[in-house]
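Each remark here refers to the structure printed beneath this line.
The values are calculated or read from the model by the stated rules, or taken from the named source; none is laboratory data. Everything quoted here is computed from the prediction, not taken from an experiment. Cβ coordinates were reconstructed from backbone atoms using ideal geometry, including for glycine residues, and neighbour counts include every protein chain displayed.
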Amino acid sequence: MFFTRRRGDRYVDRGDVAALDLQVGSFTTNGTWIGLDLSSIVPAGATSVRLRIIIADETVSNSIWFAKFGESNHINISGGVVQAVDIDREFIIDVDCTSARVIQYMATNTTWTKIDLVIKGWNLK
């Protein structure tokens, strides 16, 4: 996959992560945008985060989307859609974050089988 950076940003790979950062029980899945504070992992000065997400569910077309926190024009969002029943779907995305290292997500209002998230790295100014 090809990822772009803003001029002057430097990508920092988080390295050999030993465990998932968030799993399905960590997410509120009610079909509305929810803030997700990543400041316990992502350092100050980060302008975006790179996420690895794996989703699965019993309902085809369920989806989860990510965007910069506070943005209301959701043209620039990234995410994934369940394409087959109980088959893992993996995607890697870059999401801009606020200076407080917060992003937002919205997941279909259902009880999900799997939402696994790992923070792979971040861009620093």
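Some notes on this structure:
- The number of residues in the stretch 100-125 being more than 14 Å from residue 9 (Cβ to Cβ) and not in a strand (DSSP E or B) comes to 8.
- Single residue of 72, 26 found to be closer than 21 Å to residue 109 by Cα and at pLDDT below 95: 72
- Pairs are defined by a Cβ separation below 7 Å, a sequence spacing of at least 6 or placement on different chains, a first member in the stretch 83-103 that is within 26 Å of residue 59 (Cα to Cα), and a second member that is in a loop (DSSP other than H, G, I, E, B) and among the acidic types (Asp, Glu); the pairs so defined are 85/58; 86/58.
- All of 36, 22 fail the test of being of a type outside the set (Gly, Ala, Ser), under 18 Å from residue 120 (Cβ atoms) and crowded, with 19+ Cβ neighbours inside 10 Å, apart from 36.
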